[in-house]
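In what follows, a structure is listed as structure tokens, so that the remarks can point back to it.
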Amino acid sequence: MTLAHLREKSENWPVVALTTPGRSIAYSETFIRAHIEHLDGDVHVLYNGYPPTLYDEGRSIVPLMNAKRKIFRSLAYRLGLVRNENDILKYFTRRLLRELGVQVVMAEYGPTGASLLEICAAADLPLIVHFHGYDAYKKDILAEYADRYSTMFQFASYVVGVSRDMCNKLVELGAPKEKIVHIPCGANPDYFFYASVAGRPPVILTVGRFVEKKAPHLLLLVLERVLRECPDAELWMVGDGPLLGTCKQLARHYGIAGNVRFLGAVPQSEIASMMNRSKLFAQHSVVALNGDSEGTPVAVMEAGLSGLPVVATAHKGIADVVVDGETGLLVPEEDVSGMAEKILWVLGDDDVAVEMGRAAHHRINEHFSLTVTVQKLNAIIRSAALGESSPFSDDW
């Protein structure tokens, strides 16, 4: 089944409110945009905050104030119907969900789900909470939301984890096991397709924000070691973030700046083109000091779908996707020399690179394609609307 087929709407599919904290739909995470574009049924997007304050094309959930509404607000305060501006937002959110005919609310990220709990309970709407990474691991988030998560887990119809490690973490946090569903975000076959890496130059590609859990600085140390034996190797780094400046300084310090291309944030179409010009994909994800960790990095799946062998750390959901020795190679976190050794092996053996890349494509296409993962999301959305139990057995 193709994504084009999935886009065909049916009257039997529920109306969905997809909620995300992002300030813009257009600039939201790639996987969230994919959900917006490919989920079945009528999807309305509520965004910008906890809980969201805007919906669809930049429309305010709370109507602009006129004289009549000012009187209503003043009276509501006096009668004790609302205590603060957040109560007013919750009131108008409930009203909007009713007016739109929403049947299921899907919250992207745990804190979004926690902020919508009271609204969904008052509106008698099923809630699906989709965890992605920091929301399940970051220490300050877990401390701040511990009580609200506990209540949310009991109310929610389903709780989605994007990796097996995350699903186990959600159980540890108090989510009932029978409500947890393992659904990675998925790579988009509309952009990423197989091409053999045979004969390509020694280009190492990495894609991700320059933040601690992605450890781009450690990947530069890996490159420094790779260049000792493969001086023509290049590292293409796609993304931006707070560690970008530090990484540029580090590249200059080690004298490897001429072998590094800092490409910034680019569209999916450009990333797909780079995938088809690279020899392998590398990612050195680690658990950050504040606990922040990956879910299942979409870029790793996109690389595999493109036919790239992946050399990465055995970190969280990466170990779900990369089969060590078959579709790529895994090393422990912070093992810089070990990763350099694995990269040199792949760069130096065209047959190994081609074989792993082909195996990676088949694995991602079968298990981690957006076509597959969206089907699973559609299934639990429909089940939640009908009040049914999970359509999936425990596979994590």
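The values are calculated or read from the model by the stated rules, or taken from the named source; none is laboratory data. This structure is a prediction, so every number in the text was calculated from the model and none was measured. We place every Cβ from the backbone using ideal geometry, glycine too, and count neighbours over all the protein chains shown. The protein model used for the area step is the full one, side chains on, heavy atoms only, and it has no ligands, DNA or RNA in it. Shrake-Rupley method; radii C 1.70, N 1.55, O 1.52, S 1.80 Å.
Quick rundown of the values:
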item	result
Distance from the stretch 85-153 to the stretch 349-381 (C-alpha centre basis), Å	31 Å
Three principal axis lengths of the stretch 227-372 [C-alpha, angstrom, descending]	43, 36, 31
Peptide ranges 260-270, 191-201, 337-347 listed from the most packed, as the mean C-beta count within 10 angstrom indicates	337-347, 191-201, 260-270
Crossing angle, helix 85-100 versus the chain [Cα axis fit, 0-90 degrees, rounded to tens]	90 degrees
Prolate/oblate/rounded call for the stretch 242-312, Cα gyration tensor, a/c under 1.5 rounded	oblate
Square roots of 5 times each gyration tensor eigenvalue, C-alpha, the stretch 217-278, largest first, Å	20, 16, 8
Compactness of the stretch 123-270 - radius of gyration and Dmax, Cα, Å	20.3, 63
Binned Cα-Cα distances of the chain, short to long, each 10 Å bin given as a whole percent	5, 22, 30, 23, 13, 5, 2, 0
Rh (Kirkwood; distinct C-alpha pairs) - the stretch 275-336, Å	11.7 Å
Cut-off under 5 Å, modelled amide H: who pairs with I180 long-range	V159
Accessible carbon and sulfur surface of the chain relative to its total accessible area, %, 1.4 Å	49 percent
Solvent-accessible area per residue for the chain (1.4 angstrom probe, square angstrom)	43 Å²
Quarter of the Cα convex hull surface for the stretch 340-396, i.e. its orientation-mean projected area (nm²)	5.6 nm²
